[in-house]
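J.: Have a look at the structure that comes next, please.
Here, each number is a calculation from the coordinates, and none is a lab measurement. Please read these numbers as outputs of a predicted model, since none were measured by experiment. With ideal geometry, Cβ positions are generated from the backbone for all residues, glycine too; neighbour counts draw on all protein chains shown.
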Amino acid sequence: MDRFFAISARGSTPGREAAAGVVTFLTMGYIIFVNPSVLAAAGMDHGAVITATILAAACGTLLAGLWARVPFAMAPGMGLNAFFAYSLVLGRGVTWQTALGVVFVSGAVFLVLTIVGARRHVVRAIPGDLRLAIAAGIGLFIAFIGLQNLGLVTASDATLVTLGRLDGTVLLGLAGLAVIVVMAARGLPGGILAGILTATVLAVATGRVEVPATLASAPPGLGPVLLKMDIPGALASGLWGAVFSFMFVDLFDSVGTIMACSYQAGFVENDGEITGLDRVLEADAVATVIGAVLGTSTTTTYIESGAGIAQGGRTGLTAVVTAALFLLALPLTPLIAMVPSYATAPALIMVGVLMFSGAGRIRWTEPVAAIPAFLTMVLMPLTYSISMGLAFGFITHAVVMAVTGRARQVHPVLWGIAAFSVLEIALTAGWYR
C-alpha cells in the first residue's frame, strides 16, 4: 500500500491519510442530501437518485484515488445539477432522460478532448476574467435557487420576485443557515452538513417531518434511473449547445479545483505543470459517463477536497477512505430521504457564496473585462440558464475586443465558441421561427 500510493514518499502516514479522508467526507457529504433534492425537481425518482448520487461519488472518488492517486474527491457537481434540473428540464422542457443523454455525451466528448490534449487549447482560449465570472455566476444562480427552495424568495406578478412569507419552514431553514455561517466563520469543517442536519432535527421536533419507521435499510433500487439516458434524443434535439455547456462548465470547474488543490498539496512542479493532471481529468470525464449511466448529473472534482489536504492528505488513500464512507451511507437512505428541501436550501446558498468569492479578482475597472464578466454573471440567474450566461459572455467578449481594435488578441477557439453561442441563442430564443 505504501508503494502503490507513495505514502512515505509524499511524507505522509496511513493514519493521516485516513483522517484526511474522513474530513473530506464530512465537508462534502451534504451532496447526498442536496443532489437528490435538486434532481427530484426534474421529475426523477428521489430514492433512486440518492443511491445514484452515492454510487457516482464513490466511483468517481475511487477513480481519483486508484487511477490518478491523488487526495481528490468527486461527486455530482453543484451548479451542473442545477443546470440539469432547472435550465434544461424545467426551463427548456427537455425530458430528464434526454438530459441524462446530454450528460453522457458531454462526458464522452470531454474524455476524448482530454485524451487528445485539446482541452489545453480550450482552457487557454478563455480569458481569466471570464473564468472567474463563470464560477461567480453559477454561484449566484445556485444561491437564487436556494433562496427559492427556502421560501425566502417567491414569485410576484408585479415584480417577478419578492420576499416570501416568514413562516415556520423558512425560519427552520434560516436556523440551518445560521449554523453554517457560524461554523464557516469559526473555520470549523462540516458546517454545511451540520446546517442540513440542524434544520432537519428541528423539523422533526416541530412535527413537520416524520421519522421513518426504520433508520437503516437496503438502499432504494436504481431501476427508475439506471441506463435511462436518451442518447439519440440528446444528439437529435438540437442540444449540442447544452452538451457544450455541460462540458465547458465541468472543464473549468475541474481545472480550477484541481489547480487550487494541487498547489495546496504540493503537486505543482517548478515549471508550473501539475503532476498527474491528465489522469485526474480523465478520471473526472469517466466519472461523468458512469454517473449518467447510474442516473445522475455531471460528476466533477470537489473543492472540498482541500479540507482533507489541509488535514494532511497527500495520496490517493485519502480518496479511497472518502469513497468508502460514501458507500457506508447507502444503508442510511431512509434518513437521507426524510430531509426536506428547506433543510437543504441553506447548503445551496452557502455553496453559492463560496463560488461567488472569486468575483473580486475580476478587473472591474477595465470595461473590456468587466462588461462580459458582468453579463455572464447576471444573466445566469435572470434567464434561469447557465448556458445563456455563458453564451452572452463569450459573444460580448469577442465583440468588445473587436470594436476596440483587439480582435487579433481573441483566441481562434474563442471565435468559434462565440459563433456557436450565437447559434445557441438563436435556437433557444426562436429567432428561426
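J.: Could you please rank Arg361, Arg314, Arg279, Arg186, placing first whichever residue has the fewest other Cβ atoms within 10 Å of its Cβ? Can you show the working numbers first?
T.: Numbers: Arg361 12, Arg314 24, Arg279 16, Arg186 8.
Starting with the residue having the fewest Cβ neighbours, the order is Arg186, Arg361, Arg279, Arg314.
J.: Pairs of alpha-carbon atoms within less than 8 angstrom and 6+ residues apart define the contacts here; what relative contact order does the stretch 11-428 have, in percent?
T.: Across the stretch 11-428, relative contact order equals 36 percent.
J.: Suppose we flag chymotrypsin sites (Phe, Trp or Tyr not before Pro) only when DSSP calls them loop and at most 11 other Cβ atoms lie within 10 Å. Which is the longest uninterrupted stretch of the chain?
T.: The longest such stretch corresponds to 1-430.
J.: Next question, about the same structure. Treating the beta-carbon of each Lys and Arg as +1 and of each Asp and Glu as -1, no other charges, what is the dipole magnitude of the chain about its Cα centre, to the nearest 20 debye? Kindly include the intermediate steps, with their values, before the conclusion.
T.: On the way: 20 positive and 19 negative charges, 84 e Å.
My answer is approximately 400 debye.
J.: Would you list Asp278, Asp157, Asp45 from fewest to most Cβ contacts within 10 Å?
T.: Values: Asp278 14, Asp157 6, Asp45 21.
Least to most surrounded, the residues fall as Asp157, Asp278, Asp45.
J.: Dividing the Cα convex hull volume of the stretch 152-205 by residue count, how many Å³ per residue is that?
T.: 85
J.: A follow-up question, please. When the helix-only estimate is applied to the chain (DSSP H runs of n ≥ 4, each -39,500 (n - 2.57), divided by the residue count), what is the mean residue ellipticity at 222 nm, nearest 500 deg cm²/dmol? Walk me through the intermediate numbers first.
T.: On the way: 19 runs with 273 residues, N = 433.
Taken over the chain, the calculation gives -20500 deg cm²/dmol.
J.: While we're on this one: With θ set to phi - 60° and the Karplus curve 6.51 cos²θ - 1.76 cosθ + 1.60, what are the ³J(HN,Hα) couplings of the stretch 30-42 in order, to the nearest whole Hz, using x for Gly and Pro?
T.: Values, residue by residue: 4, 4, 4, 8, 6, 4, x, 5, 5, 6, 5, 5, 8 Hz.
J.: Read phi for every residue in the stretch 243-250 and hand back ³J(HN,Hα) as whole Hz from Karplus 6.51 cos²θ - 1.76 cosθ + 1.60, θ = phi - 60°, with x for Gly and Pro.
T.: Karplus-based 3J(HN,Hα) across the stretch 243-250 equals 4, 4, 5, 4, 5, 5, 5, 4 Hz.
J.: Set the Förster radius R0 to 56 Å, insert the Cβ-Cβ distance between Leu163 and Arg406 as r into 1/(1 + (r/R0)^6), and round the FRET efficiency to 0.05.
T.: Plugging the Cβ-Cβ distance into 1/(1 + (r/R0)^6) gives 0.80.
J.: Can you list the HN-Hα couplings for the stretch 355-366, worked out from phi with the Karplus curve (6.51, -1.76, 1.60; θ = phi - 60°), rounded to whole Hz and with x for Gly and Pro?
T.: Result, rounded to whole Hz: 6, 7, 4, x, 4, x, 8, 6, 7, 5, 7, 9.
J.: Next question. Return the Rg/Rh ratio of the chain with Cα-based radii and a Kirkwood Rh.
T.: 0.96
J.: What residue among Val153, Val161, Val109 has the largest mean-square fluctuation in a Gaussian network model of the chain, using Cα springs under 10 Å?
T.: The residue that fluctuates most here is Val161.
J.: When Glu366, Glu17, Glu282 are ordered from fewest to most other Cβ atoms inside 10 Å of their Cβ, what list results?
T.: Glu366, Glu282, Glu17
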